[in-house]
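These notes concern the structure reproduced below.
Laboratory data are not the source of any read-out in this text; all were calculated from the coordinates shown. These numbers come from a predicted model, not from an experiment. All Cβ positions, even for glycine, are placed from backbone atoms using ideal geometry, and neighbour counts span all protein chains on display.
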Amino acid sequence: MHYGSKRPDELPFNPFKAIIAPRPIGWIGTLNAKGVPNLAPYSFFNGVGSGPDMVMFASEGKKHSYTNARDSGEFSFSLVTAELSHAMNISSGNVSEEINEFELAGLEEGRPVEIQAPFVAASPAALECVTVDAFQLKDRHGVLIDKFIIVGEVVQTHIKDEFLRDGFFATTAAQPIARMGYRDYTSVTNAWSLARPDDPVQSGFSDPNAL
Ligand SMILES: Cc1cc2nc3c(=O)[nH]c(=O)nc-3n(C[C@H](O)[C@H](O)[C@H](O)COP(=O)(O)O)c2cc1C
């Protein structure tokens with residue numbers, strides 16, 4: 001099967017998100033103009049560079065996280081784990097910007113060091129980000145479409161000590177969840193390593209919890 005802009009009838013739902021999978025979930029914390037904390041998950045999210053560490057998320061329509069990150073110039077990222085999945089789902093609700101979604105989801109606010117927007121205190125890892133770019137996407141004809149990108153530079157990294165092992169962040173101990181298509185998720189529960197051809201020595205597993 002292959003198709004262009006017209007999806008065949010036997011595919012009732014667009015498989016795109018099930019193909020571009022798994023996607024990390026950026027659980028984005030922001031403050032609105034009145035200082036009300038906002039929290040929402042974005043799986044059109046990724047790291048886009050390191051040193052300086054850079055992340056991005058994409059908003060389908062101008063959602064609160066986009067306008068807050070653009071206008072306040074900052075946002076937080078929190079890692080979503082299986083334990084936090086219910087709270088993450090609650091925070092995806094389309095609610096008024098007057099509502100503090102940390103409170104709505106029963107989450108304690110982690111106190112940031114360099115920015116004002118809180119993160120999820122219970123998360124194994126969180127990032128404080130300064131917004132460096134906010135722009136609208138264009139399609140291939142150069143026509144602006146209803147999708148908006150935020151790019152941020154990481155200025156502080158928070159890691160809970162219990163997830164640090166011999167200087168490594170133990171991703172499989174944190175067990176982040178990731179988004180697939182439809183309403184499906186997956187969990188990161190195992191890891192394996194592959195040394196690169198140019199590596200000076202054949203290295204073993206770097207994740208101490210790797211199977
Ligand atoms: C796991 C998950 C991932 C999501 N990813 C996105 C995304 O990448 N872009 C988007 O616009 N909405 C995404 N959503 C929907 C938003 O979280 C939802 O519209 C939310 O109400 C936006 O909140 P805000 O207006 O406070 O930013 C996602 C929802 C879930 C549950």
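The simple spin-label model puts a point 7 Å past each Cα toward its Cβ; for Leu11 and Leu137 those points are separated by 1.6 nm. Sequence-ordered 3J(HN,Hα) estimates for segment 121-128 from the Karplus curve with 6.51, -1.76 and 1.60 and θ = phi - 60° stand at 4, 7, 6, x, 8, 8, 10, 9 Hz, glycine and proline given as x.
Give the shape of segment 115-188 as rounded, prolate or oblate, defined through the alpha-carbon gyration tensor: a ≥ b ≥ c are the square roots of its eigenvalues, a/c under 1.5 means rounded, and otherwise the shape is prolate if a/b is larger than b/c and oblate if not. Oblate, since a/c reaches 1.5 and b/c is not below a/b. Using the average count of surrounding beta-carbon atoms within 10 Å as a protection proxy, the listed peptides 126-135, 87-96 rank, highest first, as 126-135, 87-96. Straight-distance candidates among the aspartates and glutamates for linking to Lys6, with alpha-carbon spacing under 20 Å and chain neighbours fewer than 8 residues away dropped: Asp139, Asp146.
Taken about its Cα centre, the chain carries a charge dipole of about 740 debye when Lys and Arg each add +1 at the Cβ and Asp and Glu each add -1 at the Cβ. Among the trypsin sites (Lys or Arg not before Pro) within segment 30-108, those in coil by DSSP and having at most 11 neighbouring Cβ atoms inside 10 Å are Lys34. Panel order for His86, His2, His158, by other beta carbons found within 10 Å of each beta carbon, from fewest to most: His2, His86, His158.
In this structure, the amide hydrogen of Glu74, modeled 1.01 Å from its nitrogen in the peptide plane, lies closer than 5 angstrom to those of Thr131, counting only residues at least 5 positions away or on a different chain. Using a simple spin-label model with pseudo-atoms 7 Å out from Cα toward Cβ, Ile90 and Val48 lie 3.2 nm apart. What the phi angles of segment 23-34 give under the Karplus curve with 6.51, -1.76 and 1.60, with θ = phi - 60°, is a coupling list of 10, x, 9, x, 8, 9, x, 9, 10, 7, 4, 8 Hz, glycine and proline written as x.
Taken over the alpha carbons of segment 35-133 as equal point scatterers, the Debye sum produces base-10 log I(q)/I(0) values at 0.10, 0.23 Å⁻¹ of -0.24, -1.48. Kirkwood analysis of the chain, using all unique Cα-Cα pairs, places the hydrodynamic radius at 18.6 Å.
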